[in-house]
1. I'd like to check something: does segment 119-139 contain any residue that is within 21 Å of Lys5 (Cβ to Cβ), buried (at least 17 other Cβ atoms within 10 Å of the Cβ) and free of Cβ contacts under 8 Å to residues at least 40 places away in the same chain?
2. Yes or no: Leu223 in contact (Cβ under 8 Å) with a residue 24 or more places away in the chain and open to solvent by 10 Å² or more (accessible area, probe 1.4 Å)?
3. If the requirement is being surrounded by fewer than 17 Cβ atoms within 10 Å (Cβ to Cβ) and either among the charged types (D, E, K, R) or under 27 Å from Ile184 (Cα atoms) (or both), which of these qualifies: Asp162, Asp93?
4. Cβ-Cβ below 6 Å, separation at least six or inter-chain, first residue in segment 148-174 and over 14 Å from Ile205 (Cα atoms), second open to solvent by 70 Å² or more (accessible area, probe 1.4 Å) and of a type outside the set (Val, Ile, Thr): which pairs?
5. Exactly one of these conditions fails for Glu173: (1) assigned to a helix (DSSP H, G or I); (2) open to solvent by 70 Å² or more (accessible area, probe 1.4 Å). Give me its number.
6. Which numbered condition trips up Asn417, out of (1) open to solvent by 20 Å² or more (accessible area, probe 1.4 Å); (2) under 17 Å from the mean Cα position of the chain (by Cα)?
7. Anything in segment 397-434 that is over 22 Å from Ala234 (Cβ atoms) and in a loop (DSSP other than H, G, I, E, B)? List them, or say none.
8. Which condition number does Arg79 fail, the rest of (1) in contact with an Asp or Glu (Cβ under 8 Å, 6 or more places away or on another chain); (2) open to solvent by less than 50 Å² (accessible area, probe 1.4 Å) being met?
Amino acid sequence: MGSYKQDNGQLSSLPPNASGASPGRQSDFSQPETRPARAGQASTEAPGQQRTQVPGDPAMWTRWWLWPLVAVCTADFFRDEAERIMRDSPVIDGHNDLPWQLLSMFNNRLQDTRANLTTLANTHTNIPKLRAGFVGGQFWSVYTPCDTQNQDAVRRTLEQIDVVHRMCQMYPETFLYVTSSAGIRQAFQEGKVASLIGVEGGHSIDSSLGVLRALYQLGMRYLTLTHNCNTPWADNWLVDTGDSKPQSQGLSPFGQRVVKELNRLGVLIDLAHVSVATMKATLQLSRAPVIFSHSSAYSVCASRRNVPDDVLRLVKQTDSLVMVNFYNNYISCTNKANLSQVADHLDHIKEVAGARAVGFGGDFDGVPRVPEGLEDVSKYPDLIAELLRRNWTEAEVKGALANNLLRVFEAVEQASNPTQAPEEEPIPRDELGGSCRTHYGYPSGASSLHRQWGFLLASLAALVLCQCLL
């Protein structure tokens, strides 16, 4: 059994179906109250009294079997409509941690018979589940924990990129590795899962613009600026809880150069996991829309991992996108949640930021608890049926499924400018952490040399003063 990422950065080995539910919305088809007699029909009830029903009353028995039948038939209608829509417009999910499970369960040995993605057990994701859920596009998370920062983060990141590539190569009938919005559309036409790489955590670039560009060449198409730790150039969401100290007040000058370089290359900027100050600084600086690949609505569940309303309004202004996370603790702020509560987050984001701002980023295989009714990736049609039941239009549903992400991705591609000179100014040496790194390229001992010269000048001044007094 694999390990799962926690909101505090620790790993859990809870099973993927460890979910619960709190009561959801009442059914739209609750039993009606007794109605008065129809026009032209005499009533046998005394004024102010309801008709008394007795056992064997045909009307009572009719209600008992009719209304459950109506509810079942209507539920089937919405589920059938969801499948009809998803055949034409399959879901693009913003964040899935199956690559992390392949590492933690099999050390990335995909030829292990237990790692067969057709029969893979104890995960939220496998090929049959993807098919049943009408998943047509997936950003596979390339994740390495925060304890690799200033150590082997780049190596770990490269290994996770490699496992995504090998996964696509081993199952070419299912996955199509793509790096563009056009590639996603091609995968849709071929009936395959468009497979993209999202790097989860700015520590994966080790504060290097050169590493950032190399990851782009290897297929990275979004970068989450932080995970559950600050980078030397951006603050994470735990700053807002008081569990981390702010370092950059959002983005440092080097962090601003990272954002500009991502814009230049045409890489989606992901603001899941960052502090509110980082969210606002990036939304104001970026020349292209951004995404939250797996975040929900703060007003519905007051977790700092979620997006507050003032930021949602910036999302609307910038035509950006929030892809809702399904982790119970970000949905209900408890260990238990259900599908209806996920739909509440989608409703709220649509209300505040508009239908163009809504998407799905389930975080499957990255969290230990998921809502009742959304136990794995096969359950997406049930969530779409719930949105249809809540009077979402077909156009709004198709936007949330795929069109909103495609629009943002295309805008990022159009804003890119590969012929523009790249950002080259490195991060200042004194902002780098870690005691094991080398410092080639930086002035040798620059900071200590400045201190030595200061000491020498002060000593020389004192000597000259003494000579003048003699």
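1. The answer is yes, given that some residue of segment 119-139 is within 21 Å of Lys5 (Cβ to Cβ), buried (at least 17 other Cβ atoms within 10 Å of the Cβ) and free of Cβ contacts under 8 Å to residues at least 40 places away in the same chain.
2. Answer is no for this residue.
3. The unique qualifying residue is Asp162.
4. Between residues of segment 148-174 that are over 14 Å from Ile205 (Cα atoms) and residues that are open to solvent by 70 Å² or more (accessible area, probe 1.4 Å) and of a type outside the set (Val, Ile, Thr), the close pairs are Cys168/Tyr177.
5. Looking at each condition in turn, Glu173 falls short on (1).
6. Here Asn417 clears every test but (2).
7. Asn417, Pro418, Thr419, Gln420, Ala421
8. The number of the failed condition is (2).
The values are calculated or read from the model by the stated rules, or taken from the named source; none is laboratory data. None of the values given here were measured: they were computed from a predicted structure. FYI the Cβ positions are ideal-geometry reconstructions off the backbone, even for glycines, and counts take in every protein chain you see. Please note that ligands, DNA and RNA were not included when accessible areas were found on the heavy atoms of the full protein model with its side chains. Shrake-Rupley method; radii C 1.70, N 1.55, O 1.52, S 1.80 Å.
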